[in-house]
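A short worksheet on the structure shown next.
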Amino acid sequence: MKRESIKGLVQPDRVHRSVYTDPALFELEMDRIFGRAWLIVGHESQVPNPGDFFTTRMGREPVIVTRHTDGSVRVLVNRCAHRGARVCEAAAGTTREFVCAYHGWTYGTDGRLCGLPLPQGYERPPAESTGGGLASVPRVDIYRGFVFASLAAQGPTLADFLGPLRASFDDFVERAPEGAVEVAGGVFKHAYQGNWKLVLENHNDTVHPAFVHASSIWAAREQPAGEGAYSDIGVRQMLQNGAPWDVWENTGLWVAGYGHSWMGDYHDDRRLVAALEHPAFAEYRVALERRLGREGAARVLGERRFNSIVYPNCSFMSQFRQLRIVHPIAVDRTAVYAYSFRLKGAPEGMLRDTIAFSNVVNGTGSPILTDDLEVYERTQSGLGARRSDWVYLGRGHGQDVPDRGGALRGGTGTSEIHIRNQLAAWLEYMTAEA
Amino acid sequence: MAAATSVETRSEVEQFLYHEAWLLDHGRLDEWLGLFAADATYWIPLQASQSDPLTASSIVYDDRRLLEVRVRQFQHPRAHARMPAPRTVHQISNVHVLEAEGDELRVASTLVLLEYRHERQRVWGALVEHRLRRTREGLRIAAKRIDLVNSEAELDGIVCLF
């Protein structure tokens, strides 16, 4: 597909439906977006010690993230240099080496080929003929414990790429009494029959809850209060989705370079927001004050962000210790992995809150999430209709306001500014000369 | 290890589980909810052999209150993922009283569930464990745990009740 014809697909307040439905464009996205951008692959706490590893994907590329013996984090392509089999099957573990099941080629945790059978059978040393071992991902960098990698040798630094979104990661980590977080409590892997962009567009969409989540809002409103019960937080989150329009209109919504965006907070529930008064948060607040002092803790807890999006594969809730990684599978198939985090040094009750919240917000059987997934599928299906070519994204267009640090703010919190911004980044990636 | 239980108890437990399945397969969700004790939990763990629902995530972990919200949600005209409600067939077998203590029985069973919705049929397999309590109204569910064989897989949204 010619770059000129791609340019016409994204216009100031609308996008062509093929951006969501064309398999050829999806293939290009895997090269030009997922093959270039910094992608989040996980968190340092998943590989605390030398030899630790976990497997994941960068776009569709299967990778192993390891902690090498020198203490550095490496990202290796999970493909034997010999015949191409995956060399690591486990989701996570600890090892000295990866041994291919097929012919026993053996690699270190830095990917270096360190053994193979019958070496005398080769004219040249196989390491020379195969690039030395497992292909390694050219760039790896870490911000506040979050591990990113890029399949491109060149491009912006991670710090430049993240820009003002660094503050969302700072918020995530500063909330921990020990100033560090760790992955805890298992990983949800939910999937839907729709394009990968739909989930990122939804996470800063503040008009959808009243409609998509109408049934869980209604069911929660019928429910008597249950202070102290496990379910209390989940029911309260359902109720928060039913906030009145003026709350959503007044919520902050900011966008930055490379397609990123973040939302201010719409929560005012004392049981959900640790900055508000509730006995459950008292012990946590004391622990946080030990590191930051009273004012410092108040400043950290006073930071109120909801979803932050790092385009093209990450969406997280710093305030609620949730992070989601988006894995495109096909033009109409996507998996999303949702992780919970423990605030190091916080009382165990904070992790219990995180889990109770996670089950209801990110759980595969969640009364909230299942309605989002249903709507992504209906959108994907509707976009297959050929009589209409355009998706309209005009809400708030022309009302953006320049803000600090080069960010733009939506005229109101219900603007579709974040979707226009994501598609502007999409167009830049897709039409840039390699 | 199976507990030594009488033929009458085994028969009573089987009838209870079949009745529970019948209520679900006929959309009688309020009556199904009525089988759960006030302090009941309904749990679909995320991880194989998961031991704790409070410090690790679950595909579903509902106390009675959240289970009521879940069932009520089906009645709303804009419950998008539940409209139409999935049609199901619960096939229960290998019913096995594991333990009888006081007024409670711990019962294992296997479940094969066919689910149909929106031109799509899904098949679920699960090891199920009920904790059943004898009350004046008959047996009631004090806890139900459903271990899906594919709980750790990449899964589309789950709205059917197991």
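The values are calculated or read from the model by the stated rules, or taken from the named source; none is laboratory data. In this text, all values refer to a predicted model and were calculated from it rather than measured experimentally. We place every Cβ from the backbone using ideal geometry, glycine too, and count neighbours over all the protein chains shown.
Note on the stretch A:226-278: residues that are under 25 Å from the mean Cα position of the chain (by Cα), hydroxyl-bearing (Ser, Thr, Tyr) and under 18 Å from A:Ile368 (Cα atoms) total 1. Determine if the stretch A:8-22 includes at least one residue that is closer than 30 Å to A:Leu383 by Cβ, outside the structural domain of A:Ser381 (by TED's automatic domain parsing) and among the aromatic types (Phe, Trp, Tyr). Yes, the stretch A:8-22 contains a residue that is closer than 30 Å to A:Leu383 by Cβ, outside the structural domain of A:Ser381 (by TED's automatic domain parsing) and among the aromatic types (Phe, Trp, Tyr). Just one of (1) more than 9 Å from chain B (Cβ to nearest Cβ); (2) among the charged types (D, E, K, R); (3) within 27 Å of B:Ala79 (Cα to Cα) fails for A:Asp371. It is (1).
Scan the stretch A:410-434 for residues that are outside any helix (DSSP H, G or I) and either surrounded by 22 or more Cβ atoms within 10 Å (Cβ to Cβ) or not hydrophobic (A, V, I, L, M, F, W, C) (or both) and the total you get is 8.
Scanning the stretch A:62-98 for residues that are more than 23 Å from A:Met30 (Cα to Cα) and not in a loop (DSSP other than H, G, I, E, B) gives A:Thr66, A:Arg67, A:Val73, A:Ala92, A:Gly93, A:Thr94, A:Glu97, A:Phe98.
Residues checked against (1) assigned to a strand (DSSP E or B); (2) under 21 Å from B:Ile92 (Cα atoms); (3) aromatic (Phe, Trp, Tyr):
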residue: B:Glu12; (1), (2), (3): no, yes, no
residue: B:Phe16; (1), (2), (3): no, yes, yes
residue: B:Gly27; (1), (2), (3): no, yes, no
residue: B:Ala38; (1), (2), (3): yes, no, no
residue: B:Thr55; (1), (2), (3): no, no, no
residue: B:Glu68; (1), (2), (3): no, no, no
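Taking the residues in the stretch A:159-188 that are among the small types (Gly, Ala, Ser) and part of a helix (DSSP H, G or I) as candidates, determine which candidate is nearest to the chain's Cα centre (by Cα). Top of the filtered list is A:Ser168.
Reported count of residues in the stretch B:120-162, each being surrounded by 18 or more Cβ atoms within 10 Å (Cβ to Cβ) and β-branched (Val, Ile, Thr), is 5. Just so you know, in the stretch B:84-107 the residues that are among the hydrophobic types (A, V, I, L, M, F, W, C) and surrounded by 15 or more Cβ atoms within 10 Å (Cβ to Cβ) include one that is nearest to the other protein chains (Cβ to nearest Cβ), and it is B:Ala85.
Considering B:Phe74, B:Phe16, the condition of being modelled with pLDDT of 95 or more, over 30 Å from A:Arg321 (Cβ atoms) and facing chain A (nearest Cβ under 9 Å) is satisfied by B:Phe74 alone.
How many of the residues in the stretch B:41-60 are of a type in the set (Ser, Thr, Tyr) and within 9 Å of chain A (Cβ to nearest Cβ)? Residues in the stretch B:41-60 being of a type in the set (Ser, Thr, Tyr) and within 9 Å of chain A (Cβ to nearest Cβ): 4 in total. Can you go through A:Pro156, A:Pro209 and tell me which one is more than 8 Å from chain B (Cβ to nearest Cβ) and either surrounded by 22 or more Cβ atoms within 10 Å (Cβ to Cβ) or part of a helix (DSSP H, G or I) (or both)? Just one listed residue meets the conditions, A:Pro209. Only a single item in (1) in a loop (DSSP other than H, G, I, E, B); (2) in contact with an Asp or Glu (Cβ under 9 Å, 6 or more places away or on another chain); (3) among the aliphatic types (A, V, I, L, M); (4) crowded, with 19+ Cβ neighbours inside 10 Å is not met by A:Ala101, and it is number (4). Of the candidates B:Glu115, B:Glu137, B:Glu68, B:Glu152, the single residue that is within 10 Å of another protein chain (Cβ to nearest Cβ), within 30 Å of A:Trp218 (Cβ to Cβ) and among the acidic types (Asp, Glu) is B:Glu68. Set side by side, the residues A:Pro328, A:Pro347 differ, and just one is closer than 21 Å to A:Ala149 by Cα, at pLDDT 95 or above, in the same structural domain as A:Gly194 (by TED's automatic domain parsing) and of a type outside the set (D, E, K, R), which is A:Pro328.
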